[in-house]
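Below is the structure I would like to discuss, written out as structure tokens.
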């Protein structure tokens, strides 16, 4: 550690830090706001940057505000609550632009203004809490595996937030030790679904504890561990996209956490597709059909690739329930699917990608061989997006436009839509 020194915070990074410079070297400081004049001391020295600890705010930024959440500073979940929302949006826009330039080396595209969230708080339909060995339930402390116990969450929907106390009581009754519990607002107002993960064998006595909790605020329960999965009650969730398409998926599988923000995202992607009666579309990482079904409404045919068998089942059911018959579902790894399409000499007019945070690094090199004139890439990580777009640019795809979308207010996370056209 160094002696404390003064620092001015210039910007926010894609991470839980404000960024300033001391003698030309970047210094990263958590819990700071652009424009803050702070006193810090360095706790980590690296070649190109330092990480410092905030000692005091000497002169607060005009963009600094009082965080409404009592756990701010201890809980590592929402690192930007003390930052005015407009400043959060500016930082996310800048971080996307920086990643595309620095990681991707990309130029000549249109960066559209970020789409703001539908609300700063109480937007998450599902929250994931950790459970420690003492059965304390909460979020991780920043830069630590320690659990900070919580009983409220300012970014959770009212239903999910109210379910925290119910989850505490439930975990206390279980014989099986669980490591994490997901709380989801159920379709019926006032009810929640509880989904727990364990690293241990299932204890059969938990069946009574789970079944006895159904009714009242609990619509359904899911428990899963190595080689086992149990379910009680109603564990399906639904959402509406593209006007009137109702999609259903099982609790414990991936879904967007911000229902209203997701509707805005889907609307924006569909506005960019330009799909028509001649389009044969490939979608990789299709999930349960969030983008698949809206795309199929517009295109001649969609081939949807998804590795998770439960999501594929949900996708097929969603297509049938919405009377959409022009989707071919493949339960397949994206890379293996691309290799197989190349072997078959399949061609597509467009490709839609919506990969997990790690991106589509392994699938991207083969995409040009599929002949698509357009690629639409939806990403939740600017750095992996930039890396993959650089790969696609090397294959002859030009980045045309990019739109950040704020699905995650109060955090540094940002969703991004990118459109590429084959030159």
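Among the residues of the range 369-376, is any free of Cβ contacts under 8 Å to residues at least 24 places away in the same chain, surrounded by fewer than 18 Cβ atoms within 10 Å (Cβ to Cβ) and over 20 Å from the mean Cα position of the chain (by Cα)? First the steps, then the outcome.
First, pick out the residues of the range 369-376 that are free of Cβ contacts under 8 Å to residues at least 24 places away in the same chain: none.
Checking the range 369-376: not a single residue is free of Cβ contacts under 8 Å to residues at least 24 places away in the same chain, surrounded by fewer than 18 Cβ atoms within 10 Å (Cβ to Cβ) and over 20 Å from the mean Cα position of the chain (by Cα).
Of the residues that sit in the range 165-178 and are free of Cβ contacts under 8 Å to residues at least 40 places away in the same chain and in contact with a strand residue (DSSP E or B) (Cβ under 6 Å, 6 or more places away or on another chain), which one is surrounded by the fewest Cβ atoms within 10 Å (Cβ to Cβ)?
Taking the candidates together, the pick is 168.
To continue, here is another question. With the condition kept exactly as written, say whether any residue in the range 179-197 is more than 30 Å from residue 69 (Cα to Cα), surrounded by fewer than 19 Cβ atoms within 10 Å (Cβ to Cβ) and free of Cβ contacts under 8 Å to residues at least 60 places away in the same chain.
No, the range 179-197 contains no residue that is more than 30 Å from residue 69 (Cα to Cα), surrounded by fewer than 19 Cβ atoms within 10 Å (Cβ to Cβ) and free of Cβ contacts under 8 Å to residues at least 60 places away in the same chain.
Here's another thing I want to ask about it. Restricting attention to the range 62-92, report how many residues are outside any loop (DSSP other than H, G, I, E, B) and either under 21 Å from the mean Cα position of the chain (by Cα) or touching a residue at least 40 places away in the same chain (Cβ under 8 Å) (or both).
Of the residues in that region, 11 qualify.
Quick check, is residue 252 over 20 Å from residue 363 (Cβ atoms), in contact (Cβ under 8 Å) with a residue 60 or more places away in the chain and either surrounded by 17 or more Cβ atoms within 10 Å (Cβ to Cβ) or not assigned by TED's automatic domain parsing to the domain that holds residue 309 (or both)?
Numbers: over 20 Å from residue 363 (Cβ atoms): yes; in contact (Cβ under 8 Å) with a residue 60 or more places away in the chain: yes; either surrounded by 17 or more Cβ atoms within 10 Å (Cβ to Cβ) or not assigned by TED's automatic domain parsing to the domain that holds residue 309 (or both): yes.
It is true that residue 252 is over 20 Å from residue 363 (Cβ atoms), in contact (Cβ under 8 Å) with a residue 60 or more places away in the chain and either surrounded by 17 or more Cβ atoms within 10 Å (Cβ to Cβ) or not assigned by TED's automatic domain parsing to the domain that holds residue 309 (or both).
Return a yes/no flag: does the range 323-339 have any residue that is more than 20 Å from the chain's Cα centre (by Cα) and within 24 Å of residue 261 (Cβ to Cβ).
Yes, because at least one residue in the range 323-339 is more than 20 Å from the chain's Cα centre (by Cα) and within 24 Å of residue 261 (Cβ to Cβ).
Looking only at the range 191-207, filter to residues that are in contact with a helix residue (DSSP H, G or I) (Cβ under 9 Å, 6 or more places away or on another chain) and not in a loop (DSSP other than H, G, I, E, B); which one of those is farthest from residue 235 (Cα to Cα)? Give the steps one after another, and end with the answer.
First pass over the range 191-207, keeping only residues in contact with a helix residue (DSSP H, G or I) (Cβ under 9 Å, 6 or more places away or on another chain): 191-194, 196, 206.
Next, from what is left, pick out any that are not in a loop (DSSP other than H, G, I, E, B): 192-194, 196, 206.
Values: 192: 9, 193: 6, 194: 8, 196: 12, 206: 17 Å.
That would be 206.
Given the criterion under 27 Å from residue 259 (Cα atoms) and touching a helix residue (DSSP H, G or I) at 6+ places or on another chain (Cβ under 8 Å), identify the matching residue among 135, 125, 173.
125
Select from the range 377-397 the residues that are part of a helix (DSSP H, G or I) and either touching a residue at least 40 places away in the same chain (Cβ under 8 Å) or over 17 Å from residue 412 (Cα atoms) (or both) and list them in ascending order.
Selection gives 382, 383, 385, 386, 387, 388, 389, 390, 391, 392, 393, 394.
For the range 30-50, state whether one or more residues are within 26 Å of the chain's Cα centre (by Cα) and either part of a strand (DSSP E or B) or surrounded by fewer than 17 Cβ atoms within 10 Å (Cβ to Cβ) (or both).
No, the range 30-50 contains no residue that is within 26 Å of the chain's Cα centre (by Cα) and either part of a strand (DSSP E or B) or surrounded by fewer than 17 Cβ atoms within 10 Å (Cβ to Cβ) (or both).
If you don't mind, another one. When you look at residue 383, is it in contact with a helix residue (DSSP H, G or I) (Cβ under 6 Å, 6 or more places away or on another chain) and buried (at least 17 other Cβ atoms within 10 Å of the Cβ), yes or no?
Considered against the rule, which asks whether it is in contact with a helix residue (DSSP H, G or I) (Cβ under 6 Å, 6 or more places away or on another chain) and buried (at least 17 other Cβ atoms within 10 Å of the Cβ), residue 383 comes out as yes.
Further question: For the range 331-348, which residues satisfy the criterion of being surrounded by fewer than 20 Cβ atoms within 10 Å (Cβ to Cβ) and either more than 13 Å from residue 306 (Cα to Cα) or in contact with a strand residue (DSSP E or B) (Cβ under 6 Å, 6 or more places away or on another chain) (or both)?
332, 339, 340, 342, 343, 344, 345, 346, 347
Quick check: anything in the range 226-238 crowded, with 22+ Cβ neighbours inside 10 Å, in contact with a helix residue (DSSP H, G or I) (Cβ under 6 Å, 6 or more places away or on another chain) and touching a residue at least 12 places away in the same chain (Cβ under 8 Å)?
Within the range 226-238, not a single residue is crowded, with 22+ Cβ neighbours inside 10 Å, in contact with a helix residue (DSSP H, G or I) (Cβ under 6 Å, 6 or more places away or on another chain) and touching a residue at least 12 places away in the same chain (Cβ under 8 Å).
The values are calculated or read from the model by the stated rules, or taken from the named source; none is laboratory data. Predicted, not measured: the structure shown is a model, and the values here were computed from it. Don't worry about glycine lacking a Cβ; one is built from the backbone with ideal geometry, like all the others, and counts go over all protein chains shown.
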